[in-house]
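The values are calculated or read from the model by the stated rules, or taken from the named source; none is laboratory data. Just so it is clear, the structure is predicted and the values come from calculations on it, not from any experiment. Virtual Cβ from ideal backbone geometry, glycine too; neighbours counted across all protein chains shown. With ligands, DNA and RNA removed, areas are computed over all heavy atoms of the protein, side chains included. Shrake-Rupley method; radii C 1.70, N 1.55, O 1.52, S 1.80 Å.
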Amino acid sequence: MNGNDAYISIRNVSKFFGTFQAIDDVSLDIAGGEFFSLLGASGSGKTTLLSMLAGFEPATQGDIFIDGQSMDSVPPNHRPVNTVFQNYAIFPHLNVRDNIAYGLRKAQLPRAKRYEMVDEMLELIKLPGYGTRKAHELSGGQRQRIALARALILRPKVLLLDEPLGALDKQLREQMQLELRLLQRKVGITFVFVTHDQEEALALSDRIAVMQGGRVLQVDTPAGLYESPNSRAVASFIGNMNFFPGKLRRNGTAGAVVETEGLGSLRLPQAPNGQPDGARVQVALRPEKFDLSVTKPDDRPSVEGRLANAAYMGERSHFYIAIDGREEPVAVSAQNRLRFGAPPGSEGKLWLSWSADAVVVLDAE
Amino acid sequence: MSAPTFLRRPNRVLSVYAILFLVALYFPILLIPLFSFNDSIYVRFPLEGFTTEWFGQLWDRQPVWDSLWASVKVGLPVSILSTTLGVLAARSITRDRVPGRSAVVTFIMLPLVIPTLIFGVALLALLSRLGVPLSLYTVAFGHLIVCLPFSVATLLPRFEGFDRSLEQASADLGENGWWTFWRVTFPLVMPGIVASLLLTFTISFDEFIMAFFLSGNETTLPIYLWTQLRFPQQFPSVLALASLLILFSLPLILIGMWISRLGLHENTTKGAKT
Ligand SMILES: Nc1ncnc2c1ncn2[C@@H]1O[C@H](COP(=O)(O)OP(=O)(O)O)[C@@H](O)[C@H]1O
Ligand SMILES: [Mg+2]
C-alpha cells in the first residue's frame, strides 16, 4: 500500500509518560474500510496508541492524519472517530436507548426520528426491544454490543475498539468475533481493533500490526504474519514455532543452503535477501509443517528421531520428537484424522520430514 | 437466594440484641413528643391529658422565631459551602494522583473523632486572641469544620465509583467539557450533592457545642432551647420545640441517606452481571 490511499496515517509517533516511553516511533498506514488490528501483549502500548487516535492523549512527537487531515489540534469531540472502550463505559444513569442516542444531541432530530435510529441499531446488534432496559440489567455481551451501537449510530469514519471481547467468556467471544466481522463488512467502516489474543487477530483482521514495548515489529496480513514472520519475536508470539540455529551458505546464483543444528543441510528454494554468506541465522518451522512416518520418505527432506512425548488435544495431537544434535525436542502437530490412529512410531524410531518451502530463515538473535 | 445459607441463617440472639439496642437508643427520644402533648408542666407518668398549649406558646414567642431564623441563616450557607468544598475535595482526591492520598483523607475526616468541645474551645481562644467578635459568622465557621467531614464522606463514594472512561466516552461521542459535565458527571454525583446538602444543613441546625462557644448576641435554636431549660415552667414548651426539631430533622437525614445510596450499585460498571 502506498501512503496516498491511506485513510489513517500515523507518522513517526512517539509518546512519553514522564520519562517512560510508551510508544516508540510508530508509523502505520491504514486503508479505508480495513479491519486493522493492533496485536501485542499487555503493556505493549496498544491502548496508548488508540487513545492518541481518539484524541485523549496527545502524541509527544509525530503526526496523525485521518482522511488527509492532521489531527494535531483536534479535540476528541471533533474527531471523525468513535471508540468502544475496554470496559464499554456504558452510562449507568441512562437506559439503553438513551445510551445509544447519546451522541445524537447535536443533530437535533425530532424524538421519533431518534428513536427510529436507535431501533435500527438495536436491530443491527440483535437486541431488539431492549431500549428501555437499565444499564445495570445488562450482561457483558450486551454491554459490548450497546457500546458498539452507541458508536456506530454516529456513522464514524473510523471505529476504535479496545479489547472489546476481552471480558467475555470463550464461547460468547467466538460468537461475537464472527458477528463483529460481519458487522464491519456490512457498515463498511474502518476498524482499528486492539487485542492481545493472536487467534482473535488472525480470525478477524485484514491486516495486523504486531506490537512489543511500544514498537511495531511487523505489519502484514494474518497469513503473511503466520507464514513469513520477520523476527523471532513475531514468530513466537503468533502460534508455535521451532527454531534451529544455523549458518547461511550462498552458492552464487544456484541458491542457498543453511547448515542447521539438528535438521542438517537445508537447501532453500530461494536465497533469502539480506544476510551475507556465512551469516548466523535461525531456521523456523511451524509444528504443523512436519510430517511423521515410520519409513524414510524419499521425496522430501527428513531426519531420524524418537518420540519423546505426546499430548492428545482432541482435534489434533502434539508430538515432541527428540533428534540428534539438538537438546530440545521438535514440536510437531498432527491432525487426528483416524478415529483410532496410534501415534506414529510409538514403538521407537521414526522419520521427521518437512517440505522445503515451509522453511523460514530469520536473523540470529 | 431465599433458602438460608450457613452465613445468612437468621440468628435469634443477635435479633433480640438488636431490638433491645434500638429500644434503648430511641426510647428516650420517643418520650419527648409524648410529653410535649401532656397537659402538665411536670414530666411524669401517668399522663394527664392532651393539649397543644405548649406548641401555641412557642408560636407566640418572638425569640423562638428569631433563633429559628438565625439557625437557617447559618445552616444554609454552611451546607452549601461545605458541600462545595466537599465536591472539590472528593474530586481531587479521586482524580488527581495526590501524593499521600490516604493521609489527606484522614486529615479531612479528623474532626469526626476529635471532640467538638476541644475544637470549640480552641476556636474561641483563637478568635478572641485575634480580636474577632463572636457572631453568627463565627458559629458558621465552627459548623463548617463539623460538617466538612460529613460532606466528604457522603461524596467520596460517588466520585470513587465514578469511572473516568465515562467522561472520555462522552467526549468521544462529540460532547465538549460543559455538556459532558451536565449530561454525565453531574447526574452521577447529584445524589451525593443533595444528600450532602441535607445532612450538613441538619447537622448545623442541630449543632450545640460550637454554637455555644462561638455565638454572639444572636443565638441559634439549640442555644435558645438550652437557655429555656433554666425555667421549669418553660419545660413543656422546650419539649414541644424539641419535638418539632425531631419532626424536621429526622426525615431530612433519612432522605439524605436514602438519596446518597441511590444508584450507587449501578455506578460500578465493573460489577456488571455477565
Ligand atoms: N497515563 C499513564 N501514565 C503513565 N504510564 C502509562 C500511562 N498510560 C499507560 N502507561 C504505560 O504505558 C505502557 C503501555 O500501556 P498501554 O498502552 O495501556 O498498554 P496495552 O494497552 O498494550 O496493555 C504501560 O507500561 C503503561 O504502564
Ligand atoms: Mg490496554
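Quick one: pull the percent of accessible area on segment A:240-363 belonging to carbon and sulfur, 1.4 Å probe, ligands and nucleic acids left out.
46
Between residue A:182 and residue B:41, what is the spin-label point distance in nm, taking each point 7 Å from the Cα along the Cα→C-beta axis?
Distance between the two pseudo-spin positions: 8.8 nm.
Report, to the nearest whole %, how much of the accessible area of chain B belongs to carbon and sulfur atoms, 1.4 Å probe, protein only.
Roughly 72 percent, rounded to a whole number.
Hey, with R₀ at 25 Å, roughly what FRET efficiency would residue A:42 and residue A:17 work out to, going by the Cβ-Cβ distance, to 0.05?
The computed FRET efficiency comes out at 0.95.
As a test of reading the structure, rank A:313, A:241, A:176 by solvent-accessible area (1.4 Å probe, protein chains only), most first.
Output order, biggest surface exposure first: A:313, A:241, A:176.
Test of understanding: extend the Cα→C-beta vector of residue A:120 to 7 Å, then name every residue of segment A:127-166 with backbone N under 11 Å from that spot.
It comes to A:153-155, nothing else.
Leaving out ligands and nucleic acids, note down the accessible area per residue over segment A:3-236 with a 1.4 angstrom probe, in whole Å².
42
How much FRET efficiency would the formula 1/(1 + (r/R0)^6) give for residue B:21 and residue B:52, where r is the Cβ-Cβ distance and R0 is 35 Å, rounded to 0.05?
0.60
Using just the C-alpha positions of segment A:15-78 as equal point scatterers, what log10 of I(q)/I(0) does the Debye formula give at each q in 0.13, 0.25, 0.30 1/Å?
Each listed q corresponds, in turn, to -0.37, -1.31, -1.54.
Buried by at least 30 Å² relative to the chain on its own: which residues of segment A:90-120 qualify, computing accessible area with a 1.4 Å probe on protein heavy atoms?
A:91, A:92, A:93, A:102, A:105
Given 0.36 nm per residue, what is the gain on full extension from residue A:249 to residue A:169 after removing their alpha carbon distance, in nm?
Length gained, residue A:249 through residue A:169: 23.9 nm.
Which ³J(HN,Hα) values, rounded to whole Hz and listed in residue order, are derived for segment B:80-89 from phi using the Karplus coefficients 6.51, -1.76 and 1.60 in 6.51 cos²θ - 1.76 cosθ + 1.60 with θ = phi - 60°, glycine and proline given as x?
Ordered by residue, 3J(HN,Hα) equals 5, 5, 4, 5, 4, 4, x, 4, 4, 5 Hz.
For segment B:43-56, just list the computed ³J(HN,Hα) in residue order, Karplus coefficients 6.51, -1.76 and 1.60, θ = phi - 60°, integers in Hz, with x standing in for Gly and Pro.
Those phi angles translate into 8, 6, 8, x, 5, 10, x, 8, 8, 10, 4, 5, 5, x Hz.
For the pair residue B:181 and residue B:59, how long in nm is the line joining their label points, each one 7 Å along Cα→Cβ?
4.6
Could you check how much of the accessible area of segment A:3-236 is carbon and sulfur, as a whole percent, using a 1.4 Å probe?
It is 47 percent, rounded to a whole number.
Share of Cα-Cα pairs in segment A:240-363 beyond 27 Å, in percent?
Counting every Cα pair in segment A:240-363, those more than 27 Å apart make up 21 percent.
Ignoring chymotrypsin sites (Phe, Trp or Tyr not before Pro) that are buried or in helix or strand per DSSP, and keeping those with at most 12 other beta carbon atoms within 10 Å, what is the longest stretch of chain B between them?
It works out to B:43-274.
Mind grabbing the interface size between A and B? I mean buried accessible area, both sides, 1.4 Å probe, in Å² to the nearest hundred. Write out the running numbers ahead of the final one.
On the way: alone 18660 and 17180 Å², together 33440 Å².
Counting both chains, the buried surface is close to 2400 Å².
Give the dimensionless ratio obtained when the Cα radius of gyration of chain B is divided by 2.2 N^0.38 Å. Each step should come with its number before you reach the end.
Values: Rg = 23.0 Å, N = 274, 2.2 N^0.38 = 18.6 Å.
The reported ratio for this selection is 1.24.
Compute the distance from the alpha-carbon center of segment A:230-267 to that of segment B:114-180, in whole Å.
69
Pairing the Cα long axis of helix A:140-152 with the longest principal axis of chain A, what angle in degrees results, from 0 to 90 and rounded to the nearest 10?
With both axes taken from Cα atoms, the answer is about 70 degrees.
Using a/c under 1.5 as the rounded threshold, could you call segment A:204-305 rounded, prolate or oblate? The axes a ≥ b ≥ c are square roots of the C-alpha gyration tensor eigenvalues, and prolate needs a/b larger than b/c, oblate otherwise.
In terms of gyration-tensor shape, oblate.
How big, on average over all directions, is the shadow cast by the Cα convex hull of chain A, in nm²?
Taking a quarter of the hull surface, the average projection is 23.3 nm².
Step through the residues of segment B:123-133 one at a time and calculate ³J(HN,Hα) from phi using the Karplus curve (6.51 cos²θ - 1.76 cosθ + 1.60, θ = phi - 60°), rounding each to whole Hz and writing x for Gly and Pro.
These are the phi-based 3J(HN,Hα) values: 5, 4, 4, 5, 5, 5, 4, 7, x, 7, x Hz.
On a straight-distance basis, which lysines could pair with residue A:296 in a cross-link, Cα separation under 19 angstrom, same-chain partners fewer than 8 positions away excluded?
A:349
Given a 1.4 angstrom probe, what's the average accessible area per residue across chain B, in square angstrom?
On the way: 15980 Å² over 274 residues.
Ligands and nucleic acids excluded, the figure is 58 Å² per residue.
Nearest 500 deg cm²/dmol is fine: what mean residue ellipticity at 222 nm does chain A get from its DSSP H runs of n ≥ 4 alone, each adding -39,500 (n - 2.57), divided by its residue count?
The per-residue figure over chain A is -6000 deg cm²/dmol.
In Å and from the alpha-carbon atoms only, list the Rg and Dmax of the protein assembly as shown.
36.7, 123
Between segment A:70-96 and segment A:291-329, how many Å separate their Cα centres?
A separation of 51 Å, based on Cα centres.
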